[in-house]
Amino acid sequence: MEQPTPDAAVLARRDEILAGLRRILPPQAVVSDEESLRAYECDALTAYRQIPLAVALPGSAAEAAALMRYCAEEDVPVTPRGAGTSLTGGALPGADCVMIGMARLNQVLKIDPQSRVARVQAGATNLSVSRAAAPEGLFYAPDPSSQLACSIGGNVAMNSGGAHCLKYGVTLNNLLGATLVTPEGEILEIGGEHMDAPGLDLLGAVCGSEGLLGLVTEAILRLTPMPEGARPVLIGFDSAAAAGACVAAIIEAGVVPVALEFMDRPCIVACEAFAKPNYPDCEALLIVEAEGSEAEIQEQLARIEAVAARFQPVALRVSASEAESAAIWAGRKAAFGAMGAMGDYICLDGVTPLSRLAEILTAIAAISERYGLRVSNVFHAGDGNLHPLIVFDANKPGDLEKAEACGAEILKLCVEMDGCLTGEHGVGVEKRELMSAQFAPHELELQMAVKSAFDPEWRMNPGKVFPLAAVRAYREAAE
Amino acid sequence: MTPVYREAEAALAARIAEAAASNRKFEIRGGGAHRIWGRSVEGEPLETAALSGISLYEPGEMTLVAGAGTPLREVEAALAARGQRLGFEPPDWRALLGTQGEPTLGGIFICGIAGPRRLRAGSARDHALGLRFVDGQGRVHRAGGRVMKNVTGLDMTRLLCGSHGTLGLVTEVALKTAPIPEAMAGLVLRGLSDAAAEAAMAAALGSPYEVSGAAHLPQSRETHLRIEGFAKLLPERAADLVRLLKPHGAAEILSCAEAGAVWREIAEVRPFVGKPGAVWRISLKPAHGPILAEEARALGGEVFYDWGGGLLWALIPEGEFEDDEAGASVLRGALARLGGGHATLLRGSEALRRRVPPFQPLAPGLEALTQRLRRAFDPQGIFNPGRMGA
C-alpha cells in the first residue's frame with residue numbers, strides 16, 4: 001500500500017533535527033540509533049513497517065508542547081505512539097516523522113473516589129487505571145482485549161471499546177477531559193472533572209481522531225463501581241441465524257447483559273483444538289454474561305435461558321461457580337491465540353446491524369471460500385461489531401494481498417448492509433483507501449476541513465484515515 | 001425504504017445552497033421549546049417540522065432513526081410501546097422556560113439535553129449513533145450511521161450534538177434506545193446540609209447498586225436517590241442502599257409513584273418554575289457544589305443539586321440596573337478559582353442574555369478552534385449566527 005512520500009528536505013536535515021530534539025529532552029529520551037528505532041517501525045499491524053526519523057519521549061506536557069513547537073518551526077511531521085497495539089497501523093511512522101512516544105508519561109496521577117474520576121497520563125496502560133481504582137471499589141469500564149498493554153492515549157485516539165461496552169459504553173462515553181497539545185505546541189485543556197464540557201463537543205471530536213488532530217498527553221476518566229459479581233451462560237445453536245436472532249430477542253426482552261460474545265463454527269473448532277475449553281459441537285455459540293448481586297444474576301440468567309429456549313439451543317450451560325465461569329471464557333479468550341496458531345491472520349472490525357447478522361455471516365463464508373482462505377468469526381454480538389479473522393501465510397508471496405482483498409470485500413459488504421468499516425479498531429493505514437466506500441467525496445472533504453481546523457499544516461500523523469489521493473486533491477484545492 | 005422526510009430534506013438543502021450564495025442568514029426552528037436558550041438570532045426561519053417521522057425502529061438492536069423534526073412525544077410513545085425509552089431522560093423544560101412549542105428529537109440532540117439519569121447513562125451525545133445534516137453550502141452529509149459502534153472517520157456526530165444549530169441543519173438522528181426497567185424505587189434522606197448531602201450521594205453513587213438519580217433539595221432538606229431494576233429484587237436492593245447510607249442518616253423508601261413524581265419535578269426544574277429570576281445550569285465537580293451554592297445564596301439566590309452534585313441549578317434574581325448580570329461574574333469567577341466547571345444561563349431576560357454570554361466563554365485557544373470549526377461547516381456563517389456567542 002502506498003505511503004506518503006517522505007519530505008527529502010526533512011530527511012536531509014536529520015542530524016540537525018536530532019540536535020534540536022536533544023535541546024528539548026534529556027539525552028536518553030531521544031532515540032536515534034537504527035537498532036533502537038527498529039522497535040518503533042510498526043504497531044500490531046506488522047505487515048507495514050517504516051523506521052521513523054527519530055523517536056522523542058517527553059516526560060511532561062510541557063516537554064511534549066516544546067517538541068510540537070519545535071516540529072512546527074522545522075515543519076517536521078509527527079506521529080504519536082502509545083503502546084503500539086493498534087491493529088490498523090495507527091502508529092505507523094513515515095521516514096520523515098518524529099515519533100512522539102508516550103512511554104515516559106505513564107502515571108495514574110489521581111484516583112478521586114468521591115467524584116469517581118481518574119486523572120491519567122496518556123502512556124498509562126488501560127489496566128493500570130482499573131488496578132489503581134480497585135482499592136476504592138471502582139474500575140475503568142472500557143476494556144479492549146489489549147488492555148494489559150494498550151495505553152489510555154491510544155484508547156482516546158481510537159475511541160476503543162471492549163467486551164463490556166454494551167453496558168458501559170466505549171471510551172467516548174467514559175472520557176471527561178483531555179489535555180491536547182496542538183500541532184503548534186499550544187496546550188489546550190478540554191473538559192475537566194465535571195460532566196459535559198462547554199461549547200462545541202471538542203472532546204468528542206478528539207476522541208477517536210487517530211492522532212490526526214493533536215497530541216493527547218493526559219486524560220480525565222470516569223470510573224464505575226465494580227459489580228458485586230458476574231456469571232456467564234454458554235448457549236450453542238445449530239445455525240448462526242438462530243444465534244443472531246437470539247441476541248436480538250435477549251435485548252428486546254429488556255435484558256442488557258454486560259457481555260454478549262459470538263463464535264462461529266470455524267472459531268469454535270480452532271479454540272477447541274488450541275485451548276480445549278470443551279465447547280459443544282455446534283454451528284454458533286453465544287457467551288452471555290450477567291452481573292449484579294447473586295439474586296440479580298440468577299434472575300437475568302433465568303430470563304436469558306427462557307429467551308434462548310425459543311431458538312432450540314443444542315447446548316446451554318449456566319456457570320455455577322468461578323471455575324465454570326473461567327472455563328466458559330477460556331475458549332473465547334484464547335480465540336486470537338488459536339487463530340494465530342493456524343497461521344498469520346488479519347483481524348477485521350466491520351459492523352452490521354444485528355438484524356443482518358446471519359446474512360453477513362453467510363456472505364462472509366461465501367467470500368472466504370471464493371478466496372480459498374480460512375475465515376472465522378468471533379465478536380461482540382450485542383452491538384453487531386464483527387471480527388472476522390482471515391488466516392493467511394505471510395511467507396507465501398501474494399497471500400497477504402489476497403487476504404487484504406478478501407477483507408476489503410467483507411468490509412464493503414458491511415457498509416452496503418447499513419453498517420460501517422470499523423467499530424473499534426479505527427481506520428489507520430489499513431482501511432484508509434476504503435473510506436471512499438463509506439463516504440461521498442464531499443463528506444470526506446468536510447472531515448478533512450475539520451482536520452484542517454485543528455491541524456492547518458497537516459503535520460499530525462500523516463497517511464492515516466483519509467485516502468491519499470483525496471488528501472492531495474483537498475490540499476491542492478485549499479492552496 | 002426511503003424515509004418520507006427525504007424530500008423535505010432536499011428542499012431545505014436547496015434553500016440553504018441558494019442562501020449561501022446570496023448572503024442570507026437562517027434561524028433554525030424546531031418546535032420552539034428551547035428557543036430562548038442562548039442569544040436571539042436574526043435570520044429567516046428555517047423550519048424542521050416537515051422533517052418528521054420515525055423511519056426505523058429495531059427494539060432488538062436498541063436503534064431508532066427519525067427525522068429531526070419528529071416530536072419527542074411521538075418517539076417516546078413508540079419506544080414505550082415496546083418497553084423502551086431514551087436512556088438519558090430528556091426533560092421537559094417548557095414550564096421552566098415559559099415556552100409553548102413541542103420539543104423535537106433534533107432539538108434535544110442539538111441542545112445536548114439530558115435529565116437526572118445523565119450521571120449513569122450519559123447525555124444526548126452519548127446516545128447519538130449518527131446524523132444527517134446539511135452544511136452551510138447546502139450539501140447533505142451522513143455522519144456516523146445506525147450501528148451501535150462506529151469509529152469510521154472523524155466524529156462529526158459529536159460535533160453537531162450540542163452545537164445549537166451553529167454548524168449545520170440536522171435533518172435526521174439515529175439513536176440508541178434503552179429498555180425500561182420493570183420497577184423504580186426512591187429513597188429520601190432528610191435534614192442534611194449541602195455538604196452532608198454531597199457525601200451521602202457520593203457514597204450511594206460509589207456503590208454497586210446502580211443508582212440512577214441523586215439530587216439534593218436544600219429548601220426542603222431532602223436528598224433523593226433513585227434505583228431501577230427487576231420488580232421482585234428492587235426491595236432488596238433498596239434495603240441494601242438504606243444500610244449503606246446509615247452513617248449519613250435514616251433513609252426512607254418511597255413508592256414507585258412517589259419517586260416518579262419527585263424525579264419528574266427534579267428533571268423539569270420544578271423548584272424554580274413560576275419564580276422570577278435568571279436560571280443558571282452549572283456543571284461542576286460535586287465537591288465544589290456547596291461552595292458555589294454559598295456564592296449563589298450571597299447573591300440572594302437559591303439552588304438545588306442534581307447529578308449527584310455534579311449539576312447545580314441556581315436561581316438568581318435579575319436586578320433592574322443596566323449593568324446587572326445575575327451573578328455571571330461571581331459564579332464563573334468562583335468556578336475559575338476552583339479550577340473547572342462551567343455555568344450556562346438557561347433562562348434570562350432578553351436584555352440579560354445580550355449583556356451576559358449565555359454560554360460560558362471558552363479559553364482563547366478553544367475559542368479560536370471553535371471559530372475555525374464553524375467556518376469549516378458553515379463558511380458564510382448562515383446558521384443561527386450569534387446563538388452561542390461570538
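What follows draws every value from the coordinates through simple rules; no lab data is involved. On a predicted model such as this, the values are computed, not experimentally measured, just so you know. Cβ sites come from the backbone with ideal geometry, for glycine too, and all protein chains shown count toward neighbours.
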What is the ratio of the Cα radius of gyration of the stretch B:44-177 to 2.2 N^0.38 Å, where N is its residue count, to two decimals?
0.99
With +1 on each Lys and Arg Cβ and -1 on each Asp and Glu Cβ, how big is the dipole of chain A about its Cα centre, in debye rounded to the nearest 20?
560 debye
Any idea what the relative contact order of the stretch B:280-335 is, in percent, if you count C-alpha pairs under 8 Å spaced at least 6 apart?
37 percent
Per the 1/(1 + (r/R0)^6) rule, R0 = 35 Å and r from the Cβ atoms of A:GLU476 and A:LYS412, FRET efficiency to 0.05 is 0.80
For the stretch B:257-367: relative contact order, % (alpha-carbon pairs under 8 angstrom, 6 or more apart):
27 percent
With axes computed from alpha carbons, what is the tilt in degrees of helix B:289-298 against the longest principal axis of chain B, rounded to the nearest 10 within 0 to 90?
80 degrees
Charged-residue dipole, Cβ positions (Lys, Arg, Asp, Glu), chain B about Cα centre, Debye nearest 20:
720 debye
Taking the alpha-carbon centroid of each part, what is the distance from the stretch A:140-169 to the stretch A:64-110 in angstrom?
20 Å
Quote to one decimal, in nm, the extra length available between A:ALA134 and A:ALA306 on full extension: 0.36 nm per residue of separation minus the C-alpha distance between them.
58.5 nm
Kindly identify the protein assembly as shown as rounded, prolate or oblate by the Cα gyration tensor criterion: order the square roots of the eigenvalues as a ≥ b ≥ c, call it rounded if a/c is under 1.5, otherwise compare a/b with b/c, prolate if a/b is larger, else oblate.
rounded
Those residues of the stretch B:1-29 whose amide nitrogen sits under 17 Å from the label point placed on B:GLN380, 7 Å along Cα→Cβ
B:11-28
Kirkwood hydrodynamic radius of the stretch A:61-115 from all distinct Cα pairs, in Å?
13.1 Å
Starting from the 7 Å offset along Cα-to-Cβ, what nm value, one decimal, do you get for the label separation of A:SER436 and A:LYS276?
5.2 nm
Classified through the alpha carbon gyration tensor (a ≥ b ≥ c as square roots of its eigenvalues; rounded if a/c is under 1.5, else prolate when a/b is larger than b/c, else oblate), chain B comes out oblate
What whole-number distance in Å separates the alpha-carbon centres of the stretch B:41-109 and the stretch A:311-361?
37 Å
Local charge sum around A:ASP349 (other residues, Cβ-Cβ under 13 Å, Lys/Arg +1, Asp/Glu -1)?
-1
Inter-label distance for B:ARG297 and B:ALA336, nm, one decimal - labels placed 7 Å from Cα along Cα-to-Cβ:
2.6 nm
Quick check: the angle from helix B:6-21's long axis to the longest principal axis of chain B, C-alpha only, nearest 10 degrees?
70 degrees
Which listed residue (B:TRP307, A:THR422, B:ALA8) has the Cα farthest towards the positive end of the charge dipole for the protein assembly as shown, taking +1 on Lys and Arg C-beta and -1 on Asp and Glu C-beta about the Cα centre?
B:TRP307
Dipole magnitude of the stretch A:120-206 about its Cα centre, charges +1 at Lys/Arg Cβ and -1 at Asp/Glu Cβ only, in debye to the nearest 20?
400 debye
Averaged over B:363-375, number of beta-carbon atoms from partner chains that fall within 10 Å:
5
Extension gain, A:LEU148 back to A:ALA341 (0.36 nm per residue minus Cα-Cα distance, nm)
67.4 nm
Between A:LYS333 and B:ALA231, the FRET efficiency computed from the C-beta separation at R0 = 22 Å comes out, to the nearest 0.05, as 0.05
Whole-number value, in Å³ per residue, for the convex hull of the alpha carbons of chain A is 149 Å³
Do you know the relative contact order of chain A, to the nearest whole percent, from alpha carbon pairs under 8 angstrom that are 6+ apart?
14 percent
Residue-normalised 222 nm signal for chain B, counting each DSSP H run of n ≥ 4 as -39,500 (n - 2.57), nearest 500 deg cm²/dmol, is -9000 deg cm²/dmol
Extension gain A:ALA394-A:LEU468, at 0.36 nm per residue separation less the Cα-Cα distance, in nm?
24.1 nm
What's the average, rounded to a whole number, of partner chain beta-carbon atoms within 10 Å of each residue's beta-carbon in A:355-362?
1
Note down the nm distance, to one decimal, between modelled labels 7 Å out along Cα→Cβ at B:GLN219 and at A:VAL314.
6.4 nm
Taking B:LEU244, A:LEU286, A:LEU389 and counting other beta carbon atoms within 10 angstrom, the fewest-first order is B:LEU244, A:LEU389, A:LEU286
Rounded to 10°, Cα long-axis angle of helix B:72-81 versus longest principal axis of chain B:
60 degrees
Tally Lys and Arg at +1 and Asp and Glu at -1 over the other residues with C-beta under 13 Å from the C-beta of A:GLU324: what net charge comes out?
0
Mean Cβ-within-10 Å packing, highest first, puts peptides A:334-340, B:365-371 in the order A:334-340, B:365-371
Computed from the beta carbon distance with a Förster radius of 45 Å, FRET efficiency for B:GLN371 and A:THR362 to the nearest 0.05 stands at 0.35
Mind scanning A:LYS110/B:LYS232; B:LYS232/B:LYS275; B:LYS246/B:LYS285; A:LYS167/A:LYS412 and naming the pairs with a C-alpha gap bigger than 32 Å?
A:LYS110/B:LYS232; B:LYS232/B:LYS275
How do the peptides A:264-270, B:230-236 rank, highest first, by the average count of neighbouring beta carbon atoms within 10 Å per residue?
A:264-270, B:230-236
Each residue of the stretch A:99-116 in turn: what ³J(HN,Hα) in whole Hz from Karplus with 6.51, -1.76, 1.60 and θ = phi - 60°, glycine and Pro shown as x?
8, 9, x, 9, 4, 7, 9, 10, 9, 7, 7, 7, 10, 10, x, 5, 8, 6
